[in-house]
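Accompanying notes for the structure given below.
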Amino acid sequence: MSTGKYLRVNGTEYQIPGQWLGRRLLDYLRHELRLVSVKEGCGEGDCGACTVFVDAEPMCACLLLCGVVAGRNIITVEGLPQDFRQRFAQLCEKHGGLQCGYCTPGFTMMSAWLSGGGTETGKDPLDKLLAGNICRCSVYQQLKKVVAELT
Ligand code: FES
Ligand code: FES
């Protein structure tokens, strides 16, 4: 049944099936669109593993319902420029910023946001990066070096 509600994800417009309107964006992206870079960690907005851009602002997909973000532009790691993703991967290798990789998509999104000039007033950008993203392998210092070289 047509709901008339759409999401633009990585440049492609999708009609949101009615049964998804009240469900989490995280699940829609992973299970319906197969964008598996979007990870579930805490499911409560604390770990940053599910970070996506919503109209160019980083947000936690685990906290958003599809119906609430209908009509907005969503970007996941899959939708970031290829050259940025390659550069991020190279720097992770150079600085040892990658272990199990579960947190990597969230850090990739935040790094893309910071390198694009995104920041919060009064906050050091690197503090912002580390405040909202948890790495259970604790490669924080290495990731700081990655972001410092990107920005
Ligand atoms: S899974 Fe969304 S912030 Fe942790
Ligand atoms: S590299 Fe394992 S959680 Fe960050």
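Read-outs: derived from the displayed coordinates by stated rules, not from any lab. Treat the numbers as computed from the prediction; the structure is a model and nothing was measured. Cβ: placed from backbone, ideal geometry, glycine included. Neighbour counts: every protein chain shown.
Within 10 Å, at most 15 other Cβ atoms, and a DSSP state outside H, G, I, E, B define an exposed site. Report the longest part of the chain free of exposed trypsin sites (Lys or Arg not before Pro).
Looking at the chain, 35-122 is the longest stretch - no exposed trypsin sites (Lys or Arg not before Pro) with at most 15 other Cβ atoms within 10 Å.
Its residues counted as N, the stretch 45-126 yields a C-alpha radius of gyration over 2.2 N^0.38 Å of 1.13.
Expressed in units of 2.2 N^0.38 Å, where N is the residue count, the Cα radius of gyration of the chain is 1.04.
What number, in percent, do you get for the relative contact order of the stretch 81-150 if the mean sequence gap of Cα pairs under 8 Å and at least 6 apart is divided by its residue count? Could the numbers behind the result be given before it?
On the way: 52 pairs, mean separation 33.0, N = 70.
Computed over the stretch 81-150, the figure is 47 percent.
Find the eigenvalues of the gyration tensor of the Cα atoms of the stretch 6-78, then list the square roots of 5 times those eigenvalues as equivalent ellipsoid semi-axes, largest first, in whole angstrom. Working shown, then result.
On the way: eigenvalues 56, 34, 25 Å².
So the equivalent ellipsoid measures 17, 13, 11 Å along its semi-axes.
With a Cα cut-off of under 26 Å and a minimum spacing of 8 residues unless on different chains, the lysine pairs in the chain number 13.
Could you work out the percent of alpha carbon pairs in the stretch 81-150 separated by over 18 Å, rounded to a whole number? Considering the stretch 81-150, 28 percent of its Cα-Cα pairs are separated by more than 18 Å. Based on Cα contacts under 8 Å between residues 6+ apart, the stretch 6-78 shows a relative contact order of 41 percent.
Note down the relative contact order for the chain as a percent, whole number, built from C-alpha pairs under 8 angstrom at least six residues apart. Please list the in-between numbers first.
Values: 256 pairs, mean separation 36.1, N = 151.
Value for the chain: 24 percent.
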